[in-house]
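See structure below.
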């Protein structure tokens, strides 16, 4: 047996662990999506309120580029906030769709922010391979707390919230976004 042959079981075990972690992450995302559907988390709420929770517009996060993203800068126009992570397959699958939405709708005033509930190095590596046109912020563990305050009872990913130009929550969805979701959200003011 060569030295290379002795590494095969270790590589196989590592691949098995990776598949198990991805499978567990996918199962958690699906379970959260089913729960939110059952609870009606995608329902329209009162978009006339100006602040989803006290201190909402005071939030700020570091970006992968080393700058600070201040939520206050996005106030006054429709805003889509997407909570995601690099280890969440449905999150990664929906990011190109969200990017397309942003490119098409920014002329109509729409803004998009991606809040990564992940490690900075993982997000930076992902964005090098898959650049996005909308701003990404590194929410880390606090992202889950913010998502919960915005109506995500389980903290599962992906989770998206659309705020109207007055600042109130107009739509939210736990689970992967689809073109029909974004087409409907594009009509919000």
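Readers should treat all values here as calculations from the given coordinates under stated rules, not as data from a laboratory. Just so it is clear, the model here is predicted, and its values are computed rather than measured. Here Cβ is always computed from backbone atoms with ideal geometry, including for glycine, and neighbour counts include all displayed protein chains.
Among 162-174, 85-97, 62-74, the peptide with the highest mean count of other Cβ atoms within 10 Å heads the list, and the full ranking is 162-174, 85-97, 62-74.
Each DSSP beta bridge with both residues in the stretch 55-189 is either parallel or antiparallel, and the antiparallel ones are about 60%.
What does the convex hull of the Cα atoms of the stretch 51-156 come to per residue, in Å³, rounded to a whole number? Write down the numbers at each step before the final one.
On the way: hull volume 10.6 nm³, N = 106.
That works out to 100 Å³ per residue.
Going by Cα centres, the stretch 53-68 and the stretch 124-189 are how many Å apart? One Cα centre to the other: 14 Å.
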